[in-house]
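Written out below as structure tokens is the structure these notes cover.
The values are calculated or read from the model by the stated rules, or taken from the named source; none is laboratory data. The structure presented is a predicted model; accordingly, all values stated were derived computationally and were not measured. Cβ placement follows ideal geometry from the backbone for every residue including glycine, while neighbour counts extend to all protein chains displayed.
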């Protein structure tokens with residue numbers, strides 16, 4: 001079985017690049033011949049709000065990665081697609097997460113599909129971006145039109161794909177697998193020591209890139225709830241700001257919670273991720289909108305309870321009252337859950353359930369879904 005994956009990969013950083021590399025590794029473990037095609041230019045600098053798009057980590061030693069695609073140069077789309085077509089793969093997986101890449105992927109799939117042996121499968125992280133525009137609604141159908149089938153990482157995403165798919169192509173929901181490449185669980189004391197933090201406090205964790213839709217402002221307001229005065233509690237905000245940081249800092253001052261909030265304003269490299277999760281009592285995702293989130297799968301890997309808001313597909317992945325909380329995206333509801341967590345010592349109960357629940361998110365289930373879609377499209 002020859003499989004080619006098109007999408008972010010090393011040297012690019014971020015959750016989707018990590019996902020792509022890990023998926024390639026799983027296919028290889030299962031015996032497939034796998035290659036990755038990634039970008040020479042992923043985002044033009046004008047579209048990238050962060051400090052750098054690149055990882056300092058070494059390239060995976062066991063994955064063949066070809067940097068060929070310039071996201072704004074159609075000539076590279078055509079050239080790369082012809083190169084892939086000539087290799088006659090059984091499957092080409094397109095890792096899709098935003099409409100900016102729809103024209104590139106659509107053009108490549110159009111060329112590759114002329115090879116009647118090959119099936120183009122869209123692996124859809126997000127069908128429509130969290131902050132949508134008219135352009136998103138115009139471009140996304142181009143991608144959908146050129147795929148043979150779709151694997152969606154949440155039911156919410158699956159629904160978005162279905163709305164754009166005029167031909168009822170094969171499509172399946174397959175939940176985001178565990179991000180299990182960040183190291184192992186360690187004693188909280190080790191993590192505290194690594195980050196030079198006081199072991200007299202309990203810690204909540206907000207992790208990942210900071211954008212308006214992720215609702216950090218809601219969590220900061222929740223942290224000002226006077227009921228939290230009863231706990232030796234701090235919030236760690238670990239991630240790079242993809243928008244102006246000053247309004248958040250001003251909010252922290254206005255709410256008088258400077259002593260409750262620790263900000264680690266940087267992209268967290270892979271080797272440091274475990275420290276933040278291992279010290280956390282609970283991971284909080286107070287999102288205002290979402291389809292799914294890779295942060296939940298890091299939390300599952302480290303067996304950490306979660307507090308998420310009831311938006312998009314988060315409820316599908318975090319059973320309320322079993323592995324954590326699902327609440328409305330309101331500061332008081334978030335504070336209510338935090339109080340319940342500590343007042344009723346829910347930590348051990350949630351962690352015990354997570355050990356079982358995380359078994360649903362093995363990588364073999366994702367590869368199984370893609371193979372099922374491939375077989376179904378071959379029969380059409």
task = Check residue 59 against each of (1) in contact (Cβ under 8 Å) with a residue 12 or more places away in the chain; (2) not in a loop (DSSP other than H, G, I, E, B) and name the one condition it does not meet.
result = (2)
message = For the range 238-246, check the following and say yes or no: at least one residue is modelled with pLDDT of 95 or more and under 29 Å from residue 319 (Cα atoms).
response = yes
remark   = Scanning the range 293-311 for residues that are farther than 17 Å from residue 351 by Cβ and surrounded by fewer than 23 Cβ atoms within 10 Å (Cβ to Cβ) gives 294, 310, 311
request  = Any chance you could count how many residues in the range 73-82 are touching a residue at least 12 places away in the same chain (Cβ under 8 Å) and loosely packed, with under 15 Cβ neighbours inside 10 Å?
outcome  = 4
request  = Scan the range 363-380 for residues that are within 22 Å of the chain's Cα centre (by Cα) and outside any helix (DSSP H, G or I) and report the count.
outcome  = 0
request  = Could you tell me whether the range 319-340 includes any residue that is crowded, with 23+ Cβ neighbours inside 10 Å, part of a loop (DSSP other than H, G, I, E, B) and not assigned by TED's automatic domain parsing to the domain that holds residue 153?
outcome  = yes
Tally, over the range 234-272, of residues that are outside any loop (DSSP other than H, G, I, E, B), surrounded by 16 or more Cβ atoms within 10 Å (Cβ to Cβ) and touching a helix residue (DSSP H, G or I) at 6+ places or on another chain (Cβ under 7 Å) = 10
